[in-house]
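Enquirer: This is the structure I have questions about; it appears just below.
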Amino acid sequence: MNHDTAHLKQLALDHLWMAYQPPVPYAAEGGPPVIVAAEGTWMVDSDGKRYLDGVSALEACIAGHIRPELADVAYRQMQQLEFLDVFRYASPPAIELAARLAAITPGSLSRVHYTPGGSEAVETAIKMAKQYHALKLGDTSRYKVITREGAYHGCTFGAMAVDGEYFGTRIHLYDPLPPFGRLSPAPYHYRCRHCAGEQGCSLACVDDVEQVILAEGPETVAAIIMDPCATASAVAVPPDGYMQRIRQLCDRYGILFIVDEIITGFGRTGKMFASEHWGIQPDIMTVSKGLSSGYIPIGAAIASEEVADVFKGHPHGTLSHGQTYGGHPVACAVALANIDLIEREDLPGQAAAKGAQLMNGLNSLSHHASFGEVRGMGLLIGLEFVHDQATRKLPEDPRLAGYRLRTICRDLGLITLTLHPGNVLFLAPPLTIEPEEVDEMVDIVDRALSIYEENYL
Ligand SMILES: Cc1ncc(COP(=O)(O)O)c(C=O)c1O
């Protein structure tokens, strides 16, 4: 297929209001890169240039690009029942997917509320948690939700209230945010104020979370929300013991634990859900992205039986919440087929094996002057690059440094992201990536760091 790249880019500059992108860099480049096709781990732009997809297209496409079996399911479902009133009627795919999610998620998670995407799943979980306490207590005194510095849980107002950090204009121009979010530190060992530089983590960061609970008053806290691998907080994967102790804190103070597995769910970390690494059971789990491998928008908030029981038979037990496209039958049918695929091809096992290969490969780049640390779990990996290896000094402008490094990677044929504060290169490729492609990715990062250091260090 031929594409008039210049024309498309100009149309994009004139009419496409893209997410999170300041208009200037794209204007300088003549418009955003235009992607026209994909296959496996690869994406192709409108000039025919091929890129390794180092981030599964926003961490969603875990099963690899263009799997005919997922497209076929969508086509068949559209010919059978394309849509229905999802508030008053249920479709077979929605029912079967809910039962399947109940079966594969940890512990007694068993009540599924569908959403069109991740932010709405977070909104749902927060509303469930607040209503749960209100029904139990008869008032709304437990309304606060504790999150972590640097966290990202979405872009809608409720989700923004539990986003850990706001960049530039976001903080002021959208104020006031809903007033229930409270910050606590992330388990960021490399820069931890308690134990950076020491071999192991002291878990003092859990005490920090407890201090926030006590300072706020436990009787005012509805929930703690965490992405288990703290992806947006520079991939600050917690040490063993951290999540278990957060679970204990929640139990001690009667707080619900919302585990946001929107990035980590469905195999990415080497297990079906990251919660399984620590044997914890969330009270509510949020999922999206890998649920459909990016083939179609869908998300869900999944509550435990114990949480759902409080709503049952209560005069105010109606969840006053729902969206037209929550539980779309086509999306549910694709998600069901996707879960079949994840299990059939053992994508969690693939993530564990290839994650170890990628981690080893990236660690072999430690001779680079800008190499800081590689950390992650399965195929969810961050490479922190620094101005000075010995002192761990940040680049002068971390966001600009991140933009530069990921642009170099892109020019060399690798699509990546950089994470807050900017100097963490994020790699989360499809779990179906071939071992040779993992090596190719490492080779590109190696060359990219050399170019970055020659020009900017
Ligand atoms: C952990 C986490 N939660 C929530 C969201 C929001 O999901 P969505 O972009 O589908 O609204 C994201 C998106 O990146 C995420 O990474």
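The values are calculated or read from the model by the stated rules, or taken from the named source; none is laboratory data. Being a predicted model, the structure only gives us computed values, none of them experimental. FYI the Cβ positions are ideal-geometry reconstructions off the backbone, even for glycines, and counts take in every protein chain you see.
Enquirer: When you go through I225, I263, I284 one by one, which is the residue that is over 21 Å from I339 (Cα atoms), of a type in the set (V, I, T) and in the same structural domain as E123 (by TED's automatic domain parsing)?
Expert: I225
Enquirer: When you go through Y188, Y114 one by one, which is the residue that is on the phi < 0 side of the Ramachandran plot and in contact (Cβ under 8 Å) with a residue 60 or more places away in the chain? Write out each step before concluding.
Expert: Numbers: Y188 fails: in contact (Cβ under 8 Å) with a residue 60 or more places away in the chain.
Just one listed residue meets the conditions, Y114.
Enquirer: Could you say whether any residue in the stretch 6-26 is surrounded by 12 or more Cβ atoms within 10 Å (Cβ to Cβ), without any contact (Cβ under 8 Å) to a residue 40 or more places away in the chain, of a type in the set (G, A, S) and closer than 28 Å to G118 by Cα?
Expert: Yes: one or more hits.
Enquirer: Can we say S293 is over 22 Å from D240 (Cβ atoms), under 14 Å from the mean Cα position of the chain (by Cα) and more than 13 Å from the ligand (Cβ to nearest atom)?
Expert: Numbers: over 22 Å from D240 (Cβ atoms): yes; under 14 Å from the mean Cα position of the chain (by Cα): yes; more than 13 Å from the ligand (Cβ to nearest atom): yes.
Judged against the criteria, S293 is a match.
Enquirer: Another question, if that's okay. Within 30 Å of A356 (Cβ to Cβ), assigned by TED's automatic domain parsing to the domain that holds S108 and charged (D, E, K, R), is that true of E306?
Expert: no
Enquirer: Let me spell it out: the conditions are (1) closer than 24 Å to E306 by Cα; (2) of a type in the set (S, T, Y); (3) under 22 Å from the mean Cα position of the chain (by Cα), and Y188 meets all of them except one. Which number is the exception?
Expert: (1)
Enquirer: Within the bounds of the stretch 144-158, is there any residue that is within 25 Å of L256 (Cβ to Cβ), away from the ligand (no atom under 16 Å from the Cβ), of a type outside the set (F, W, Y) and more than 21 Å from the chain's Cα centre (by Cα)?
Expert: Checked against the condition, which is being within 25 Å of L256 (Cβ to Cβ), away from the ligand (no atom under 16 Å from the Cβ), of a type outside the set (F, W, Y) and more than 21 Å from the chain's Cα centre (by Cα), the stretch 144-158 yields at least one hit.
Enquirer: Looking only at the stretch 257-290, filter to residues that are over 15 Å from the mean Cα position of the chain (by Cα) and of a type in the set (D, E, K, R); which one of those is surrounded by the most Cβ atoms within 10 Å (Cβ to Cβ)?
Expert: Applying the filter and picking the extreme gives D283.
Enquirer: Are any of the residues in the stretch 50-60 more than 22 Å from the chain's Cα centre (by Cα), closer than 16 Å to G327 by Cα and of a type outside the set (S, T, Y)?
Expert: No - not one qualifying residue is present in the stretch 50-60.
Enquirer: Further question on the same structure: Of the numbered conditions (1) touching a residue at least 12 places away in the same chain (Cβ under 8 Å); (2) touching a strand residue (DSSP E or B) at 6+ places or on another chain (Cβ under 6 Å); (3) surrounded by fewer than 16 Cβ atoms within 10 Å (Cβ to Cβ), A303 satisfies every one except a single condition; which is it?
Expert: (3)
Enquirer: Here's another thing I want to ask about it. Among (1) under 21 Å from V212 (Cβ atoms); (2) more than 9 Å from the ligand (Cβ to nearest atom); (3) assigned to a helix (DSSP H, G or I), where does V122 come up short?
Expert: Answer for V122: the failing condition is (2).
Enquirer: From the list G355, G376, which residue is touching a Gly at 6+ places or on another chain (Cβ under 9 Å), closer than 25 Å to A230 by Cα, outside the structural domain of V86 (by TED's automatic domain parsing) and in a strand (DSSP E or B)?
Expert: G376
Enquirer: Oh, and also: Scan the stretch 411-456 residue by residue and report those that are part of a loop (DSSP other than H, G, I, E, B), farther than 15 Å from A57 by Cα and modelled with pLDDT of 95 or more. Before you say what the answer is, go through the steps one by one.
Expert: First pass over the stretch 411-456, keeping only residues part of a loop (DSSP other than H, G, I, E, B): 412-413, 416, 420-423, 428-434.
The next check asks that each one be farther than 15 Å from A57 by Cα; those that pass are 412, 420-423, 434.
If the condition is that a residue be part of a loop (DSSP other than H, G, I, E, B), farther than 15 Å from A57 by Cα and modelled with pLDDT of 95 or more, then L412, N423, E434 are the ones that fit.
Enquirer: Would you pick out the residues in the stretch 214-251 that are out of contact with any strand residue (DSSP E or B) (no Cβ under 7 Å at 6 or more places or on another chain), within 16 Å of the ligand (Cβ to nearest atom) and aliphatic (A, V, I, L, M)?
Expert: We begin by selecting, within the stretch 214-251, every residue out of contact with any strand residue (DSSP E or B) (no Cβ under 7 Å at 6 or more places or on another chain); these are 214-215, 217-219, 236, 238-245, 248-249, 251.
With the extra rule that they be within 16 Å of the ligand (Cβ to nearest atom), the set shrinks to 236, 238, 243.
Hits for the stretch 214-251 are A236, M243.
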